[in-house]
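Read through the structure below, which is laid out as structure tokens, and then see the notes.
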Amino acid sequence: MKTVLLVHAHPDPHSLTAQMVQAARAELRAQGHEVIQSDLYALGWKAVYDEHDFPDRVDPERLSFVAESGHAFSTGTQPDDVRAEQAKLMAADAVVFQFPLWWFGMPAIMKGWIERVWAYGLAYGYQGAGNRYRYGEGGLAGKRALLSVTTGGPAEDYGPRGINGQLDELLFPITHGTLFFPGMDVLPTYAVYGTGRIDAEGVERAKAGLAARMRTLFTDAPIPYRPQNGGDYPDRHVLADDVAPGVTGLRAHLR
């Protein structure tokens, strides 16, 4: 039995997002897994990351998020809601993020969940070693992550030559940055396209597809991102000249 955290964001409890979460939860429980949830709108989650996240300031004159985050995390002085979400995160073997693609990214409330929960000392600055442990190593290593995304536009808009850009590339800042950076094994995204015109049959197909992904959540191969400390980045910043020569951009960071 594994523990899976479902993090989801939509204000309508009858939305497609909510229905997808219900389908994922039912399938995971049918597989014998424990399911915990963070329904961010129902929680009334504070999305804005600001001075109120640091009740015991290191420097009351100047707000340094890195310094204050590290201090709050290490001294146990983070707000109660942040500590509660971090406890869920650390209890989970896998995290599934369910959200609609709004202006080519996750809803602001979910981005705010990341910003407040991904503390210094946990998701970055791990073990006080700066950037020594990142991209394949770090405080969330050993956990799996999956994005389950719905888009209003059709699939062709998000294809290799689609006008909106390829979905995997649009989501790279989340999959590679937010999730792989602290060490998570990131699975290929599950996407449901054309939800602006979806019918009842389409909803059922979408739910069945996500349920199928829940059955393979712990066996699917992760996206083959290059780890920082695997030898491809000798200075921990730039790929070696003999690694993927001639390849630039996002593709260069895939094995």
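Numerical summary
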read-out	value
The one condition in (1) over 30 Å from His237 (Cα atoms); (2) in a loop (DSSP other than H, G, I, E, B); (3) not polar (S, T, N, Q) that Glu201 fails to fulfil	(2)
Residues of the stretch 123-163 satisfying the condition of being part of a strand (DSSP E or B) and either acidic (Asp, Glu) or open to solvent by 20 Å² or more (accessible area, probe 1.4 Å) (or both)	Tyr124, Arg144
Matching residues, the stretch 204-232, being hydrophobic (A, V, I, L, M, F, W, C) and outside any loop (DSSP other than H, G, I, E, B)	Ala206, Ala208, Leu210, Ala211, Ala212, Met214
Condition broken by Gly249, with the remaining ones in (1) in contact with a helix residue (DSSP H, G or I) (Cβ under 9 Å, 6 or more places away or on another chain); (2) exposed (fewer than 12 other Cβ atoms within 10 Å of the Cβ); (3) farther than 22 Å from Glu169 by Cβ satisfied	(3)
Residue count, the stretch 5-48 (criterion: crowded, with 17+ Cβ neighbours inside 10 Å, in a helix (DSSP H, G or I) and under 19 Å from the mean Cα position of the chain (by Cα))	9
Search result, residues across the stretch 73-93 that are farther than 18 Å from Met110 by Cα and out of contact with any Ser or Thr (no Cβ under 9 Å at 6 or more places or on another chain)	Phe73, Ser74, Thr75, Gly76, Thr77
Test result for Asp235, open to solvent by 60 Å² or more (accessible area, probe 1.4 Å), within 28 Å of Leu122 (Cα to Cα) and either out of contact with any Lys or Arg (no Cβ under 6 Å at 6 or more places or on another chain) or not in a loop (DSSP other than H, G, I, E, B) (or both)	yes
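The values are calculated or read from the model by the stated rules, or taken from the named source; none is laboratory data. None of the values given here were measured: they were computed from a predicted structure. Backbone-built Cβ (ideal geometry, glycine too); neighbour counts: all protein chains shown. All accessible areas refer to the heavy atoms of the entire protein, side chains included, with ligands and DNA or RNA removed. Shrake-Rupley method; radii C 1.70, N 1.55, O 1.52, S 1.80 Å.
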